[in-house]
Every structure is written in C-alpha cells, then in structure tokens.
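The values are calculated or read from the model by the stated rules, or taken from the named source; none is laboratory data. All of these numbers come straight from a predicted model, not from anything done at the bench. Neighbour counts run over all protein chains shown; Cβ positions are idealised from the backbone, glycine included. Only protein heavy atoms, including side chains, enter the accessible area calculation; ligands, DNA and RNA are left aside. Shrake-Rupley method; radii C 1.70, N 1.55, O 1.52, S 1.80 Å.
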Amino acid sequence: MGYRAICFDLDGTLLPMDLDEFMAAYFKRIAAFAATRGLDPELFLTALKAGTRAMAMNAGEQLNAEAFWSEFERIYGDDSLAAAGYTIDDVRAISNEFYAEDFGHIGDGFCADPAAARAIETLRAKGYPLVLTTMPMFPAAAVRHRLQWAGVDPTSFARITSYENSRSAKPRQTYYAENLAALGVGGADVLMVGNNTMEDLAFMDLGADAWLVTDWLLDPVGFDIDSIKHGSFDEFAAWCETLPACASPVEAIAPGAVAWEDTERALCSNAVCDIDAAGVDAKAAALADAIASDHAPGTAGRLKIEG
C-alpha cells in the first residue's frame, strides 16, 4: 500500500515492557513523590486514578489534561489541598516536577529492543512521516522518557500524542479521527503498528491498515490475527526494509491539539462501519478500571471484552 504516514503505539510495541510491572512501579513512585511534598499518598493515588478514568471517558469537549485535573481536584478536595498548604495549581507544578525528574528513573536498567530503533530509522530514511499514537493519558514529558527507554529518538515523530494535545483516548475511534485530522489525510493513507487488538486496531474502523506486533500481544476481544499482517517486532523491522520509498508523504502534521469539529469531520468521512457508541464506552470503562487496578502480574492480559 502507498502509506503516506505510519503511526506507532508505544507500550508493548516500541517499548517491550510488561505493562503491569510498569504501572505498579509508576503508582508506587508517584505516590512516594507526592508524600515527600506533604500530600496524602493514598488520597493522591485515588484522585489520580479517578482522573485517569475521566480521560478514558472523555467525549472530546475538553483536552484530556483538563478532564484529568478537574476530576483530580474534585476527588482530592479543596479542604485536603488547603490542609497541605496547596492549591490545585501547586499540585500541577509538583506533578510536572515528578515527570521531569523522578519518572525517568522507572526505566533505569531497562534493555531496549534494538529492532525498534532500526525500524524507525529505516522508515525515516525512506521518507515516511511518523506519528506516535500512544495512549494519551500521560504528559508529554513522560512519553519522551518512555521513548528514551525504548532507544528511540523522540524527534523521529512529527506528532506525539499526550494528555496535553488529545481530547479522547484509545480505544475510541475519535482518538484516531483526531490524529487523522492532525495529519490531514484519510485512514486508507495510514499504517497503524501496535500490539493491542482492542486499543490499536480500532484505527481500522477508519480505514487504516495495521501491523500487529505479537511479542507483547494483548487480545481482549479475540481478534483473528491471521486476518492482518502480524509478527514479532524483529519481523516488522525486516518488513520495513522491503517497503518502497514513501511516494507521497504528508507534508504538514499538526503537533498540537486539533479542533473537535475537525475530529468529527474526520470521523464521519473515514468510518468504514457503524460505530457502536455504547460498546465503545463499555470498552473504555473496562480499560479505565484495568488501568486503575493494583496491576498484579498478568492483569493486563486478563482484560476481556465481550463482543
């Protein structure tokens, strides 16, 4: 196919890290950091997880960051903030400090898969514009750290989704419509590379082609993986070497937020099937509950969505 851009998932795709181990370490580290600043660590985590659910259920009227902090403030409570001597803006600053400094140490000692950097460099050399369509529930600073753990240069991507520039999240088709609007192309012009059949393959509902990476495969919906291109990341990197040079690369990709009206327009013009809004909400809610769990080993692999 004549792809005009290629989109990548991060966790379990470019970044070969066990999701449950990562999330458990993340929750532990951010709660400890909050405690050093005089915030109640248990209440902080409760508010953080509620904010995460708000992002998962965000219908697009506000940025994910706005949805997160509005719910965080509601759950933590003005009285509890005042008792700690803080405003919500102070907590935002503390959060930014954590992501700029402490968050990066979660990846200390991590060994990247060299195939990730090899595939990215191959595609760049062939002229393919790249977009990182990672779950937009972290600030951009945290996403850059995770790319560095993966051994991938963040500047390789013309657009990196984060909670600052996104109005919805996987597995919502609106998340992918938002990225098509930022790209200014149709779904048929794009290849999506990911490892999660529910989250990443939702892009196919907008006409995108897909490559499913199976090293850290997550299949909550029982997808027939033989129906699409799939294999290890090393196999994907080898496949990239067989691609021709990009004949018509996207020339202007918006790195920031796009207007919701543009997202709706991209959704309507690219949907290849009827979107079951209630079903998508159910998937988003189940995913939000899983993200906010204690992440005992194997939790991510046990998520099952019927239908």
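Points to keep in mind about this one:
- Only one of SER227, SER232 that is within 14 Å of THR13 (Cβ to Cβ) and of a type in the set (Gly, Ala, Ser): SER232
- Condition met for THR52 (surrounded by 16 or more Cβ atoms within 10 Å (Cβ to Cβ) and touching a strand residue (DSSP E or B) at 6+ places or on another chain (Cβ under 6 Å)): no
- Number of positions in the range 86-134 that are assigned to a helix (DSSP H, G or I), among the acidic types (Asp, Glu) and either in contact with a Leu (Cβ under 9 Å, 6 or more places away or on another chain) or crowded, with 18+ Cβ neighbours inside 10 Å (or both): 1
- For ALA24, the conditions (1) at pLDDT below 95; (2) surrounded by fewer than 16 Cβ atoms within 10 Å (Cβ to Cβ); (3) among the hydrophobic types (A, V, I, L, M, F, W, C) all hold with the exception of (2).
- Filtered residues of the range 1-21 (kept if open to solvent by 40 Å² or more (accessible area, probe 1.4 Å) and over 20 Å from the mean Cα position of the chain (by Cα)): MET1, GLY2, ARG4
- Residue identified as free of Cβ contacts under 8 Å to residues at least 24 places away in the same chain and not aliphatic (A, V, I, L, M) among ARG144, ARG159, ARG172: ARG144
- Single residue of ASP200, ASP209, ASP189, ASP205 found to be within 25 Å of ALA252 (Cα to Cα), at pLDDT 95 or above and within 17 Å of the chain's Cα centre (by Cα): ASP200
- Here ASP40 clears all of (1) in contact (Cβ under 8 Å) with a residue 12 or more places away in the chain; (2) within 18 Å of the chain's Cα centre (by Cα) except the condition numbered (2).
- ILE160 being open to solvent by less than 50 Å² (accessible area, probe 1.4 Å) and touching an Asp or Glu at 6+ places or on another chain (Cβ under 8 Å): no
- Test: residue in the range 61-72 that is free of Cβ contacts under 8 Å to residues at least 40 places away in the same chain and open to solvent by 60 Å² or more (accessible area, probe 1.4 Å): yes
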